[in-house]
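Working notes for the structure below.
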């Protein structure tokens, strides 16, 4: 019977490759959930104060594109204040916009 006995260099390279693949796969799998969760949390903490209290329009379940939400948030509209980059960073605003564009209506 022939037995495979890898060299130490091959074992180290193989381990590093498996680790890198594992980290890449876990980061890729975690990213969408993390972004959605970040958007949902910000919405619940900031936006829902008006948009679920009959002050602003209902946003959940509207199926509008993310650019719509980002534009209104940065520009303001009627009673909606404009949120500057110092109020909400671009990554958070993008996460909120994506969350809202794919959200289901609240029952």
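A short reminder: the numbers here are calculations on the coordinates, not readings from a lab. Everything numeric here is computed off the predicted structure, so don't read it as measured data. Note: ideal-geometry Cβ built from the backbone for every residue, glycine included; neighbour counts use all protein chains shown.
Structure notes:
- Of 96, 58, 46, 88, the sequence from fewest to most neighbouring Cβ atoms within 10 angstrom is 58, 46, 88, 96.
- Kirkwood Rh (inverse of mean 1/r, distinct Cα pairs), region 32-102, angstrom: 12.0 Å
- Region 32-102 - percent relative contact order, Cα under 8 Å, separation 6 or more: 48 percent
- Note on residue 77 and residue 107: the model spin-label points, each 7 Å out from Cα along the C-beta direction, lie 2.9 nm apart.
- Put in line by how crowded their Cβ is, counting other Cβ atoms within 10 Å and starting with the fewest, 62, 84, 40 read 84, 62, 40.
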